[in-house]
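Below is one structure, written out as structure tokens; the observations come after it.
The values are calculated or read from the model by the stated rules, or taken from the named source; none is laboratory data. As the structure is a prediction and not an experimental result, all values here were calculated from the model. Backbone-built Cβ (ideal geometry, glycine too); neighbour counts: all protein chains shown. Calculation scope for accessible area: heavy atoms of the full protein, side chains included, ligands and nucleic acids excluded. Shrake-Rupley method; radii C 1.70, N 1.55, O 1.52, S 1.80 Å.
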Amino acid sequence: MTDATNTPAPRLFHETERGRIYLGDALDVLRDTQSGAIDLIMTSPPFGLVRKKEYGNVEADQYLDWFKPFAAQFLRVLKDSGSLVIDIGGAWNPGIPTRSLYHFKLLIMLCEEFGFHLAQDFYWWNPSRLPTPAEWVTVRRIRVKDAINTVWWLSKTPWPKASNRRVLQPYSPSMRELLEKGYRAKKRPSGHEISEKFSIDNGAAIPPNLIAIPNTESNSAYLRYCQEHGLKAHPARYPAALPEYFIRMLTDEGDHVFDPFGGSCVTGEVAERLRRRWTCCELNEEYLRGALGRFIGNTSTQPDARRPDDDSNYYKMPHPGILWNGADGSTLPADGGKQRILVRREQSADSSPLRSDEPTTADENLLQMRLLDSPEPYSTDAD
């Protein structure tokens, strides 16, 4: 990340009816923000990855120290009724198939050192996520694909304003059937008492803390604007539906939403549409030039129209045992997959796979560049 000591003072880059975009360091903007002025900080900070990204990120082992000045300012500018929502992906430890704990350490630091409260933990499941990291998932086959981001909902007090009535979802078919046929009040085997109130039709269901949103934006007004103006789109945007979920649940019209790591200002676009005041900050001017496509000539104040009967609005997760048919005839590698097995595409079914410690010819080395089930060079990072 850019060193704040070498960063110019923030300047107003763009202004709308309800919001402002600043080019500059968010810490400077936060220091100039009145205490207790913000209702919601909704953001996706640069993740603590082991590999540098073009949008800037801090290495996982340095992440807590980098985040501390932001944490102090977040606590100061939030109202007592306000919330801090952080979308943050995990990282893999370099060179080995184990996970970094940096995002959990961040959560503990925010609560134990700065006094934030964990209102609830959410998990954003991206159904369209590719099977990464390829080395562990598609090459060695010793891990499953990483498709979840943690979303920490923190608050300044134990009682932030919130209402789950703002984010209800349609009843499942089984619940619809129960409501139509009726339900006999009884105690479940788990010991939970299911009363007659359970069969009352409230119109919609309370959602779980698992949020399913595919990140498949490909032809939005923002991307078209970037293409038309020769600008590079921000490579790590979260989908608009994610900030919309929390802005709806945690704020009222006219409340102030702040995104210190604005990127392409998705948060600002959603806040503008939902009639909230908002502020976004970003260090990269090119990203902000592209962000203008979200506001210039866009006068829509209506949310995207989605129908409950449209199957494309639902994402199914198969039961984990759906393809389990007992032993598959192989044994698990005793070394946990540490020794990398390379397989030639044209080898016959009864031939033995190459192991990484076997001598090979130059031609075999070329063949080994194509690894089993790996369509492209592998990476040990998952974005």
message = Quick check on segment 97-119: of everything there that is assigned to a helix (DSSP H, G or I) and among the aromatic types (Phe, Trp, Tyr), which residue is farthest from residue 64 (Cα to Cα)?
response = 104
request  = Would you check which residues across segment 154-170 are closer than 24 Å to residue 204 by Cβ and in a loop (DSSP other than H, G, I, E, B) and list them?
outcome  = 160, 161, 162, 163, 168, 170
inquiry  = I want to confirm something. Restricting to segment 133-153 and keeping residues that are assigned to a loop (DSSP other than H, G, I, E, B) and of a type in the set (A, V, I, L, M), which single residue is most open to solvent (accessible area, probe 1.4 Å)?
reply    = 144
Residue selected from segment 82-126 under the condition open to solvent by 40 Å² or more (accessible area, probe 1.4 Å) and touching a residue at least 60 places away in the same chain (Cβ under 8 Å), by the criterion nearest to residue 139 (Cα to Cα) = 95
request  = Sort out which residues of segment 154-181 are open to solvent by 40 Å² or more (accessible area, probe 1.4 Å) and modelled with pLDDT under 80, and write them in order of number.
outcome  = 172, 173, 174, 176, 177, 180, 181
request  = Say whether the condition of being of a type in the set (A, V, I, L, M, F, W, C), over 13 Å from the mean Cα position of the chain (by Cα) and within 25 Å of residue 36 (Cβ to Cβ) is met by at least one residue in segment 145-154.
outcome  = yes
Helices (runs of 4 or more DSSP H) enclosed by segment 214-274 - at least 3 residues per element that are surrounded by fewer than 22 Cβ atoms within 10 Å (Cβ to Cβ) = 221-228, 241-250
inquiry  = When you scan segment 292-308, do you find a residue that is surrounded by 11 or more Cβ atoms within 10 Å (Cβ to Cβ), modelled with pLDDT of 80 or more, at positive phi and of a type outside the set (A, V, I, L, M, F, W, C), even just one?
reply    = no
request  = Can you give me the number of residues within segment 20-52 that are of a type in the set (A, V, I, L, M, F, W, C), assigned to a loop (DSSP other than H, G, I, E, B) and at pLDDT 95 or above?
outcome  = 1
